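In what follows, a single structure is set out as structure tokens and then discussed.
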Amino acid sequence: MKVLLLNASHNDLGLIRGLKKLGFYIVVTGNTPGLVGEQYCDKYIRADYSDKELILKISKEEKIDRICACCNDFGVYTASYVAEKLGLPGYDPDETTCAINNKDKFKKLTEELGIISPKTRSFTDIEKAKSFIDSMGSEDYPLIIKPSDASAGNGITKVNDRSEAYEAVSYAFDTCRNGTIVIEQYIEGTQHGFCTFLVDKKVRAICSNNEYSIINPYRVEIDTFPADNWEEASKILIPEIEKIADRLNLIDGIFHLQYIMSDGKPYIIEAMQRAIGNMYSVLADRLNGIEWDYWEAKAKCGISCKDFPVSPEQKGFFAYKSVMADSNGRIDKITIPEEYGEFLFDKCMIRDVGDEITNYRSQMIGLLFFEFPSKEKMKEVLI
């Protein structure tokens, strides 16, 4: 059988491995030829995977049997759209996919279901957004202003007053593709990830982590596994996720949340239905003892996941660190600190000496993967 995978970056390697294990002939698209995963696929077609109509055209021409979203929100939108048009399994209706993965629509869903989440307003008109800013008092700050459809921290700003908010609104509109931004209550607390796998609308496994942002406050640079106080958070988050799954009749697969822990409550800030970035599954696989991307590939190809392992435990202490520059320029040298040595078990370098960094806040140089003997040692070394 032939599957269309929408990208072949380092983040998609787990999906490629899963699709190969399932015996698929893999056709892959993407705007950048020569990505690391391309060598493991059977055919490459240069195409923008966010272009729904183009990917639909390619899917028909290639006579694909299945489609698999890549590790990007726009890949999920496109895969869901194509699957609905061609009658392919593995995806919710396009409207449902947007309700989960689109920030403004997801916030409306949490409000409807009474789920703990920051108060949010969405806008499609810049002047109406600025008028809303004008109506707010100093006690309403700080705020978070962001595009409804961006990822990896693009277009997001925390603002502390009206003048900053005006600039942030313009920035968010300039960054978004669907013409919608959200203005959100800022919640003071710690940020975390909560990855689950749904089967028959029930959570079968969880993988939790703490999220740290150092160079770019809106792009996760370090994850440590498992999350602090994950047991307490799970008691609230699992029922909320299953409430969402039941309300929308969600298909099987990964359902990932980001949340802020504040005063003992997990405030859900966004959700996604896809493999997670920064090669998240490298550590999730070790923490749980399962192959997350393999099961996600099965789900997206419409293959039954009823034999998914039931509630695998979280064992051990793992982390990844994004290697980032602290300014723009050309890379002169990459050095791994000595104190990382005994804990570092793998790495994936995306850029090398001589490469140019033009946006150091978003361009990652590589990823380092760690295993630690304790949570205390992990935080001492990395945080």
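Taking 28 Å as the limit for the C-alpha separation, the pairs K43/K315; K201/K315; K52/K243; K60/K347 exceed it in the case of K43/K315; K52/K243; K60/K347.
Share of carbon and sulfur in the accessible area of the range 27-125 stands at 46%, probe radius 1.4 Å. Carbon-plus-sulfur accessible fraction, the range 262-308 (probe radius 1.4 Å, protein heavy atoms only): 46%. Each residue of the range 262-267 was assigned a 3J(HN,Hα) from its phi angle through the Karplus curve 6.51 cos²θ - 1.76 cosθ + 1.60 (θ = phi - 60°); the sequence is 9, 6, x, 10, x, 8 Hz, with glycine and proline shown as x. In this structure, the amide hydrogen of I269, modeled 1.01 Å from its nitrogen in the peptide plane, lies closer than 5 angstrom to those of Q258, Y259, I260, counting only residues at least 5 positions away or on a different chain. Each peptide in 373-381, 228-236 was scored by the mean count of other Cβ atoms within 10 Å over its residues; highest first, the order is 228-236, 373-381.
Can you tell me the length gained on complete extension of the stretch T335 to M1, counting 0.36 nm per residue apart and subtracting the Cα distance? The partial results should precede the final answer.
Working: separation 334, 0.36 × 334 = 120.24 nm, distance 4.42 nm.
Fully extending the segment from T335 to M1 adds 115.8 nm.
FRET efficiency for the E188 to K235 pair, using the beta carbon distance and R₀ = 22 Å, is estimated at 0.50.
At a probe radius of 1.4 angstrom, the accessible area of the chain per residue rounds to 44 square angstrom. Backbone geometry of the range 235-247 corresponds, through the Karplus equation with coefficients 6.51, -1.76 and 1.60 at θ = phi - 60°, to 3J(HN,Hα) couplings of 4, 8, 6, 4, x, 5, 5, 5, 5, 5, 4, 5, 4 Hz, x marking Gly and Pro.
Label sites at D51 and K108, each approximated as a point 7 angstrom past Cα along Cα to Cβ, lie 2.9 nm apart. Among the GluC sites (Glu not before Pro) in the range 242-328, those located in a DSSP loop and surrounded by at most 16 other Cβ atoms within 10 Å of their own Cβ are E313. Computed over protein heavy atoms with a 1.4 Å probe, the carbon and sulfur contribution to the accessible area of the range 313-383 reaches 42%. Each helix, a run of at least 4 DSSP H residues, gives -39500 (n - 2.57); summed and divided by the residues of the chain, these come to -9500 deg cm²/dmol at 222 nm. Using only the C-alpha atoms, the convex hull of the chain corresponds to 140 Å³ per residue. Give the separation of the Cα centroids, the range 78-132 to the range 291-306, in Å. Rounded to whole Å, the Cα centres lie 24 Å apart.
Across the range 319-335, coupling constants 3J(HN,Hα) worked out from phi with the 6.51/-1.76/1.60 Karplus curve, θ = phi - 60°, read 7, 10, 10, 6, 7, 10, 7, 9, 6, 7, x, 9, 5, 9, 7, 10, 10 Hz, and Gly and Pro carry x.
Mean sequence separation of contacting Cα pairs (under 8 Å, at least six apart), scaled by the length of the chain, corresponds to a relative contact order of 15 percent.
Of the listed peptides 176-186, 86-96, 71-81, what is their order by residue-averaged count of other C-beta atoms within 10 Å, with the highest listed first?
Listed from highest to lowest mean packing, they are 71-81, 176-186, 86-96.
The values are calculated or read from the model by the stated rules, or taken from the named source; none is laboratory data. All values derive from a computational prediction rather than experimental measurement. All Cβ positions, glycine included, derive from the backbone under ideal geometry; neighbour counts span all protein chains shown. Keep in mind that these areas ignore ligands, DNA and RNA; they rest on the heavy atoms of the full protein, side chains included. Shrake-Rupley method; radii C 1.70, N 1.55, O 1.52, S 1.80 Å.
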